[in-house]
Amino acid sequence: MNSEPVKASSQGAELGASKRKFADRVTRLFVKVGVLPILVVIAVTIFASASENFLTARNLLNLLRQSSYLVMVSIGQMFVLLTAGFDLSVGTIIALSSVVGATTMAATYAAFPESVYLAILVGIAAGVAVGLVVGFINGIGVAHFQVSPFVMTLGISSIGFGIALYMTGGSPVYGMPMEFGNTFGFGNIFGLPTPILVALLMTVFAMIIVNRTRLGRYFYAVGGNINAARLSGINTHKTLILAYLLCASFAAMAGMLITARLDTGEANIGAAMPLESIAACVIAGVSLRGGIGRVEHVVLGAVFISLVQNGMNLTRVESYLQTVVIGALLIFAVIVDQVRIRLRAKLGAH
């Protein structure tokens, strides 16, 4: 006579167990993947319903082209974040590489007007070189003098922007060969816009470094526990310097591609890149405490930030409000990052 209550109780226990199992799976998926895929789906749904031009092939190609610059800077930023630092000077590196690269290219082209591609090569080399100098200074300050990454890169950012403005007097740099803009700004290589192709190549390069090399493992080790990494024989000073050098090289390449797109050297570009690149990384699951992050997730994070900006442009959201949205996304990403850390610790305890 009591079989029915017992059966109902058994079914209730099974239902509760299945719910707990489902919740546990969702929690583990969230810890592993983060909230980014959900945000991408929500953003695409909103902007596709708000603008009929959003999902057109032309706009999507333009979105990928525009996001390629942020992808490169964000991947570079990820190298530093993995070591539990961050680089607020990526905007300065973009501006300096643009000004120095354009000035060098224009001077070389004026001296050797028939050597177009030599001028382009020398200009790109100069732009990347000045970025590497900034990255090296950042790395030395953080690694050898134990200056806080915030203070070090913020100070360098102010110095670099001042130098770029002093060099140009606030005016754009002209005189570069047309082939530079036609090839690297508006051209196609193997059927792909050049910025997209360069971003893809640099993404593959970054994935090889992070996943296939000893240096990549060192980044994670230093970010996870720098003292333990040092005791295990890792040269933490060298690792930190290389992280900032890689970050600078990626930002400098982005700066040269932006210069090709604008067809001028500009001292006032890149100011928003520090915020946007950190937001792209953190919202992609890269921990601000270091030691956690994946390149492919960062690429998606950068595309998401550009997607939001593109959607807001199509829906005619004012530029001032767009900065509010990006800032809100960064705060939201940091909160999600903290929640993931707690959940990861909770799951690890079990």
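Couple of notes before you dig in:
- Just one residue in the set 338, 322 is of a type outside the set (Asp, Glu) and surrounded by 15 or more Cβ atoms within 10 Å (Cβ to Cβ); that residue is 322.
Table: residues versus (1) under 22 Å from residue 218 (Cα atoms); (2) free of Cβ contacts under 8 Å to residues at least 12 places away in the same chain; (3) open to solvent by less than 10 Å² (accessible area, probe 1.4 Å).
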| residue | (1), (2), (3) |
| --- | --- |
| 79 | yes, no, yes |
| 89 | no, no, yes |
| 99 | no, no, yes |
| 103 | no, no, no |
| 114 | no, yes, no |
| 122 | no, no, no |
| 126 | no, no, no |
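- Region 198-252, subset without any contact (Cβ under 8 Å) to a residue 24 or more places away in the chain, surrounded by 17 or more Cβ atoms within 10 Å (Cβ to Cβ) and within 22 Å of the chain's Cα centre (by Cα), residue nearest to residue 293 (Cα to Cα): 216
- Of all residues in region 164-187, those that are over 23 Å from residue 198 (Cβ atoms) and touching a residue at least 60 places away in the same chain (Cβ under 8 Å) have Cβ atoms under 8 Å from Cβ atoms of residues that are open to solvent by 60 Å² or more (accessible area, probe 1.4 Å) and outside any helix (DSSP H, G or I), 6 or more apart or on another chain, in 165/268; 170/268.
- Test result for residue 15, at pLDDT 85 or above and either under 20 Å from residue 164 (Cβ atoms) or not small (Gly, Ala, Ser) (or both): no
The values are calculated or read from the model by the stated rules, or taken from the named source; none is laboratory data. Please read all numbers here as calculations on a predicted model, not as lab measurements. Here the Cβ is made from the backbone with ideal geometry for all residues, glycine too, and neighbour counts use every protein chain on show. Note: accessible area is taken over every heavy atom of the protein model, side chains too, but ligands, DNA and RNA are not part of it. Shrake-Rupley method; radii C 1.70, N 1.55, O 1.52, S 1.80 Å.
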